[in-house]
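The values are calculated or read from the model by the stated rules, or taken from the named source; none is laboratory data. What you see is a predicted model; the values in this text were computed from it and never measured. Reconstructed Cβ throughout: ideal geometry from the backbone, glycine too, with neighbour counts over all protein chains shown.
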C-alpha cells in the first residue's frame, strides 16, 4: 500500500474513532431487538435463547423483569412451537414471528403457572417474550416487524 492509501485509511479510522460509528453500525445488536409497526418503534434489551437448553429454561423462576427487557427464542428453522408457563412467575406476552421477523400472532398475558401450551402458528422461527400487557399498550400486533442479527438479512422484513 502506498503512502497516499495509508494516509487515507488512517484518516478514515481517525474519523470513525473521533465521530463514533455511523448510526447503522449500532442498529443491530445481539443483546437487543427493535420492533416497528404502524404504532411506531420500540427497543427491548434481550437475552437470546438459541439452543435447546436455553429455550427449555426460558424465563422460568424469575420474580421480575425490567419493563424494557425480554427474551428472544431463536429456532434453526421455521416450525410449530408451543410455550407454556411452568415455573414462570410473571405474566408474559408471547410474540410469535416467521422467518422474516414478521409477527404472526401475539398471545397476550400468559399467566404464571399455566401448563396449557400457547401456539403461534406452523411456521414460527422467532419468539419474543416481554412483560404481560406491553404488546397491547404499545400496539404490537400481527404484521409488526422485528430486527435482530439472528434473522438472515437476505430475507429479513427489517434488515440491519
key: Those residues of segment 142-155 which are touching a residue at least 40 places away in the same chain (Cβ under 8 Å), in contact with a strand residue (DSSP E or B) (Cβ under 7 Å, 6 or more places away or on another chain) and either over 16 Å from residue 73 (Cβ atoms) or outside any loop (DSSP other than H, G, I, E, B) (or both), in sequence order   = 143, 144, 145, 146, 147
query = If a residue has to be in contact (Cβ under 8 Å) with a residue 60 or more places away in the chain and not in a strand (DSSP E or B) to count, how many in segment 119-141 make the cut?
reply = 5
query = Condition test on residue 122, is it surrounded by 14 or more Cβ atoms within 10 Å (Cβ to Cβ) and in the same structural domain as residue 35 (by TED's automatic domain parsing)?
reply = no
request  = Mind listing whichever residues of segment 31-50 are surrounded by 11 or more Cβ atoms within 10 Å (Cβ to Cβ) and not in a strand (DSSP E or B)?
outcome  = 31, 39, 50
